[in-house]
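First up is the structure itself, then whatever we jot down about it.
The values are calculated or read from the model by the stated rules, or taken from the named source; none is laboratory data. These numbers were taken from a predicted model, which means no experiment stands behind them. Here the Cβ positions follow ideal geometry from the backbone for every residue, glycine too, while neighbour counts run over all protein chains shown.
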Amino acid sequence: MGKKNKDKKKGKGAEKTATKTEKKMSSKKKKELAEIGEEDVENIVAKIEEEERKRQKVVQLTVPPPSRRANFALAAHPEKDELIFYGGEYFDGKNTTVHGDLLFYNISSNEWTLCKAPGSPPPRCGHQMLALPLEKGQLWVFGGEFQTPSQSQFYHYRDLWVFRLADKKWEKINAPGGPSARSGHRMVYSKRQIIVFGGFHDNLSDYKYFNDVYIFSLDDFKWRKLEPSGTPPSPRSGCQMVALKDGKILIFGGYSKEKLKKDVDKGTVHMDSFLLSPDKNDTTGTKWKWISTKPSGVRLPPRCSSSMAVAPNNMAYLFGGVFDVEEGEEDLSGEFFNDFYVLDLEKIAWRTVTLSGKRSENKPKRRQQKEGNMGELEADESEKSAEATLGEDDEEMEAEEAAPDATCIPAPMTVSDDGIFKMTIGGMTPSSASNEATPGPEQKSVFMPSPRMSSGMVIKHGQLYLYGGLVEDGDKQLTLCDFYSLDIHKLDEWKTIIPNDLSSIEWLGSGSESEEDIEDDADTEEDDESQSESSDEEDMDLN
């Protein structure tokens, strides 16, 4: 009896200690924020939302093209000849700006319109947005994150919003039981349902990745969590997610990391594929199952943070992405891609896209400006010939070779281990992928938008549009604002709407070099061989 009481006292003591520790941490955080002149992030977000609720009327302004940004949402207007941009982020090396602007691009007039509507959501990046052909057009937005300018605080959203395009009105949907706060998730629309999968949450002291599935019904405005049977994808963010015509959902790739021990993380680029399939005999809409699938066709080199757009012809186009590799004991560099693929959604088969337009001498860039870029556009003639004559038996054989299955592919290999951050490839070895993607000596070069990650891509009236994203130049993280279009029926050449102008980027971080910086570097070059590395973890998670 005495022992039981003693245990109770111990429990109360531990509880008091935890409470006291929490108070100390909170007090410390307040002092740190006061020193940099920054308010608590939850208060910042609440004040922004309150200010937006006070807006009484819609204001529309003709404006210049969007500012540089990545991790934004881009959709095609369901009723008009327009594209819709919302949110995103920009980092200048010192401060982060998170956008909350809603912009419309009129394709025929090449004009941009800023729409300020009453009650709009607070700024965010890493969110998801769907444009649906309901009630003359609706925009649905879920989740995302907000960062303070100093990047000392992150706030993840779990809110759901709808913007009625005809009325130009925002409405916050207060429906309980939805997904937890997150960013880097994916969201699709199928049969009057919005389906959300995956994502991550990071509060700077801890992080978590998700592989849960939620459905929001547009009939009763209620969330429902699915519990599919079968083996699910591992938790991840930034994957590709496509609603198929038969009601199934395809999920491909993504990124995640796990903590091995204090200050040591292991990152994984996933290259596996799954189908989320509804039960044919289920009338409740609650019975689903996970099915691991192996796409046939060409093998994609490992990457994350690519952009994907689905076309009405049952094809999905994928552009770019990034893959980090270790090039020495203390040197982490990476390859940014501008290669271009199409996924046949009926056959679940990847193919390389080959353009037939004007030739140019432009070469894609690598983060470290190295030769052997894996992001060249065209496959060699033998590969194209093989694709054209691919039979059923060959498809099965190639699927077995390319499939990211642990039973036939070697275990993920570690490609970066600096004692602080590890990164591994999930599903296939980079060497085999590289051999397939490396261009042959007789290939002609075709103009392509420069390599990038975290860009926006969408298809409208047979035209594919690509905007912005990120690329790195040494220690500099450069945010883009260029804009291109491509006719997906002709597949002739990319047309430049806004050119790529890196010279106008102002970088305030450690990668910027003034004359004094250059002199200091020259004086300390021998003593400063180890430099800070950029792992792009946050951008991989978001996209």
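Points to keep in mind about this one:
- Reported count of residues in segment 449-489, each being outside any strand (DSSP E or B) and farther than 19 Å from M308 by Cα, is 2.
- Qualifying residue in segment 113-120 (condition: under 27 Å from F197 (Cα atoms), surrounded by 19 or more Cβ atoms within 10 Å (Cβ to Cβ) and small (G, A, S)): yes
- Test: residue in segment 114-135 that is within 24 Å of Q240 (Cα to Cα), touching a Gly at 6+ places or on another chain (Cβ under 8 Å) and of a type in the set (K, R): yes
- Criterion: of a type outside the set (K, R), touching a helix residue (DSSP H, G or I) at 6+ places or on another chain (Cβ under 8 Å) and within 16 Å of Y86 (Cα to Cα) - qualifying residue of G184, G137: G184
- Among residues of segment 193-209 that are within 30 Å of P133 (Cβ to Cβ), those with a beta-carbon under 8 Å from a residue that is among the small types (G, A, S) and surrounded by fewer than 17 Cβ atoms within 10 Å (Cβ to Cβ) at least six positions away or on a different chain give the pairs Q193/S217; Q193/G285.
- In segment 449-467, the residues that are surrounded by 24 or more Cβ atoms within 10 Å (Cβ to Cβ), closer than 23 Å to P312 by Cβ and of a type in the set (S, T, N, Q): S455
- Checklist (1) touching a Leu at 6+ places or on another chain (Cβ under 8 Å); (2) modelled with pLDDT of 75 or more applied to E326, failing item: (2)
- Residues within segment 167-212 that are closer than 21 Å to C304 by Cβ and either touching a Gly at 6+ places or on another chain (Cβ under 9 Å) or surrounded by 21 or more Cβ atoms within 10 Å (Cβ to Cβ) (or both), tallied: 16
- Spans of strands (runs of 3 or more DSSP E) in segment 118-162 with at least 1 residues modelled with pLDDT of 95 or more and of a type in the set (K, R): none
- Residue within segment 249-264 that is free of Cβ contacts under 8 Å to residues at least 24 places away in the same chain, surrounded by 14 or more Cβ atoms within 10 Å (Cβ to Cβ) and part of a loop (DSSP other than H, G, I, E, B) present: no
- Residue match in segment 277-294 (condition: crowded, with 22+ Cβ neighbours inside 10 Å and either closer than 18 Å to K208 by Cβ or under 24 Å from the mean Cα position of the chain (by Cα) (or both)): no
- Matching residues in segment 92-117 - criterion: being of a type outside the set (A, V, I, L, M), modelled with pLDDT of 95 or more and part of a loop (DSSP other than H, G, I, E, B): S108, S109, N110
- A379 fulfils the conditions (1) at pLDDT below 90; (2) within 25 Å of the chain's Cα centre (by Cα); (3) of a type outside the set (D, E); (4) buried (at least 20 other Cβ atoms within 10 Å of the Cβ) except for a single criterion, (2).
- Flag: E82 does not match the condition of being charged (D, E, K, R), surrounded by 16 or more Cβ atoms within 10 Å (Cβ to Cβ) and within 21 Å of the chain's Cα centre (by Cα).
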